[in-house]
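To keep things clear, I will list the structure first and then write my remarks on it.
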């Protein structure tokens, strides 16, 4: 099937270099994204993606080729539900190296389902052209989308995004989505407008800008990676998600591999040091993500440390660890997370939840025709001082009204604090992750919060 189909033009993330030159993460990049520190900390116990399965969705090369070269990946099992030409795609092969191959953070991923993007959109998975069917069930843990595109029709693009978010909500998998390459390019309609996925850009800012406006207004990206192209950055975040999923399962954390938890943990663990970026990372109480760098640069060591502790449920009677995570559910009252900072610390907290897509059969009689409607609850994240289990004064808030991510990032003096989560809707599941990192001398004792970016010294 040609890439240009009845759904419109589906393209690769544009690349302007010889692919074979960029098939390996450099030692500097591995250090920057925390993988070197992860291996130094865990040694032989470093997770490798063992037992995690992925779907790799690819645009067509020369309107024909989409498959990775299976001969380049020993010990892997590939499934090709899209059929088509068996000629290997250099783009898919290179993405595979970053996703499950020699340049992956999770090289022990064994089971890969490989789709062409056109087939995945149509009969292969989303079934966008079949209103009498809902998306197929995703049995893999992660979907990697290193492609961009549009149908040219806003209503059809919205339908695609709703079907993807519906599948994520129903099947609980992590969807990682690439932006276009180049800072002068527009944010692609597909699939960057997904609320429930994770969108990825580049640490140098050379990715599409301006946010997604296909359905609502969303800051893009969610997270960035120091690779040479967004295709490879997307695959690297997918492999980082595989590291976290294995961590949760090996630790016996039932909720730790939940897609909302994984997203929150990745974003909470991200680095925001000035040395990571060409311009300063910043955000506001109503715009929780930086307009260029999102939550910051992937740091798998910090994210893995967040997830490696047991789940910490909201409580009004227990003081929780200063670093933790939770899969919670909104109710009619505030959710409280009391904790203590033993030292002056850099504190990060991320709250995320899914857009709810409801599928309704609108066809009278025996025929079926599904209409998908969208609802986005409004959750807020707030941070207060505390005295034991008593709430004190407000320190920081994240109260965006048009996204499903809230982020607080502050430098704090030692003492008691409490996170508060509120919602305008009950029974909404959310992923919440927070991390406190001790600040080296000089101390900031006496300060409650400093509204500047803390410059983290990079690991050597």
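What follows is calculated from the coordinates using simple rules that are stated; it is not laboratory data. Note that the coordinates shown come from a computational prediction; the quantities given were computed from them, not determined experimentally. Don't worry about glycine lacking a Cβ; one is built from the backbone with ideal geometry, like all the others, and counts go over all protein chains shown.
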Notebook entry, point to check: Relative to a virtual label point 7 Å from the Cα of residue 48 in the Cα→beta-carbon direction, which members of the range 93-111 show backbone nitrogen distances below 17 Å?
Noted result: 97-111
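Calculate, in nm to one decimal, what residue 389 and residue 427 gain on full extension: separation in residues at 0.36 nm each, minus their alpha carbon distance. Spell out each step's value before the answer.
Details: separation 38, 0.36 × 38 = 13.68 nm, distance 2.51 nm.
Stretched out fully, the residue 389 to residue 427 stretch lengthens by 11.2 nm.
With a 10 Å radius around each residue's Cβ, average the other Cβ atoms per peptide and rank 27-34, 293-300, highest first.
Working: 27-34: 19.4, 293-300: 28.2.
Ranking the peptides 27-34, 293-300 by packing returns 293-300, 27-34.
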Checklist line | the range 310-438 shape via C-alpha gyration tensor axes, a/c threshold 1.5 | finding: prolate
Next item on the list: Rank-order 193-202, 413-422 by packing density, defined as the average count of other C-beta atoms within 10 Å over each peptide's residues, highest first.
Entry: 193-202, 413-422
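Let me have the relative contact order for the range 10-305, percent, based on Cα pairs under 8 Å that are six or more residues apart. Can you show the working numbers first?
Details: 685 pairs, mean separation 58.7, N = 296.
Taking the mean separation of contacting Cα pairs over the length of the range 10-305, I get 20 percent.
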Checklist line | Two-site FRET efficiency, residue 69 against residue 359, from Cβ-Cβ distance with R₀ of 51 Å, rounded to 0.05 | finding: 0.85
Checklist line | Förster radius 25 Å - calculated FRET efficiency between residue 279 and residue 217 (Cβ-Cβ, nearest 0.05) | finding: 0.70
Next item on the list: Taking the chain as the reference, fit the longest principal axis to its C-alpha atoms, fit the long axis of helix 230-251 to the helix C-alpha atoms, and give the angle between the two in degrees, 0 to 90, nearest 10.
Entry: 60 degrees
Item checked: Gyration tensor verdict on the range 294-380 (Cα atoms; rounded if a/c is under 1.5, prolate if a/b is larger than b/c, oblate otherwise) -> prolate
Item checked: Between helix 90-100 and the chain: long-axis angle, C-alpha atoms, 0 to 90°, nearest 10 -> 40 degrees
Check: Relative to the longest principal Cα axis of the chain, at what angle does helix 259-268 sit, 0 to 90 degrees, rounded to 10?
Finding: 60 degrees
Next item on the list: Please give the peptides 60-72, 88-100 ranked by average Cβ packing (other Cβ atoms within 10 Å per residue), highest first, as a rough proxy for protection.
Entry: 88-100, 60-72
Note to self: Restricting to DSSP H runs of at least four residues, report the calculated mean residue ellipticity at 222 nm for the chain, -39500 (n - 2.57) per run over all residues, nearest 500 deg cm²/dmol.
What the structure shows: -5500 deg cm²/dmol
Next item on the list: Answer with a single label: of (1) 22.1; (2) 24.4; (3) 23.6, which was calculated as Kirkwood radius over Cα pairs in Å from the structure in view?
Entry: (1)
Checklist line | Cα gyration tensor category, rounded, prolate or oblate, for the range 187-313 with a/c compared to 1.5 | finding: prolate
